[in-house]
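Working notes for the structure below.
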Amino acid sequence: MVGILSNSMNSMAGGHPRNEHGFTLVETLIGIVILATVGATMLLGTYIVIKSNESARIHMGADSLARYELEYVKAMTYLNAPWSYELPGTPPSWDLAHNSLPSNFADYMVVISASSIAGGDDDIQKISAVVSYKGTQILQVDTYRAK
């Protein structure tokens, strides 16, 4: 009798009877909201990491191409400026076989140009490498070359 009285008093006071187990609807909804928030945060973090990785890969590829082409030009015979070439596309006039990029750089384009330094001294040239990825300029690297 005391047990029945205590259960009914618990029910009237808004509490749970001692012999019932489980969660209320409000507790369940709060749990779902917390889990959804944690899940969304994890998905957003994963997305940001993937995008950052892709961006770093594109920029590293652009830097690699620019440095390679600048070293290629520095190793060539000195030509009076101005001149330029584009890869893929228009190869340099002194090396028509140098007309493409490696296959893993299919979406890139490199434009190399040389100009004389202001003041008319053609013994020093500014060499610029502009690298684009899918039509968007990613990087420009400038260096100088002496006769």
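The values are calculated or read from the model by the stated rules, or taken from the named source; none is laboratory data. Keep in mind the model is a prediction, meaning the values are calculated, not measured. Note that we place each Cβ from the backbone using ideal geometry, even for glycine, and neighbour counts take in every protein chain shown.
One table, with the values for the structure above:
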item	result
The stretch 1-59: number of residues that are farther than 30 Å from Gln137 by Cβ, polar (S, T, N, Q) and modelled with pLDDT of 95 or more	2
Residues of the stretch 85-137 satisfying the condition of being of a type in the set (Gly, Ala, Ser), farther than 18 Å from Arg67 by Cβ and at pLDDT 90 or above	Gly135
Count of the stretch 93-147 residues which are in contact (Cβ under 8 Å) with a residue 40 or more places away in the chain and assigned to a loop (DSSP other than H, G, I, E, B)	1
Hey, Ala62 modelled with pLDDT under 95, over 15 Å from the mean Cα position of the chain (by Cα) and not basic (Lys, Arg) or not	no
Residue identified as under 13 Å from Val131 (Cβ atoms) and more than 15 Å from the chain's Cα centre (by Cα) among Pro102, Pro82, Pro92, Pro88	Pro88
Within the stretch 72-92, considering residues that are hydrophobic (A, V, I, L, M, F, W, C) and part of a strand (DSSP E or B), the one surrounded by the fewest Cβ atoms within 10 Å (Cβ to Cβ)	Trp83
Test: Glu54 is surrounded by 10 or more Cβ atoms within 10 Å (Cβ to Cβ), over 25 Å from Ile127 (Cα atoms) and under 27 Å from the mean Cα position of the chain (by Cα)	yes
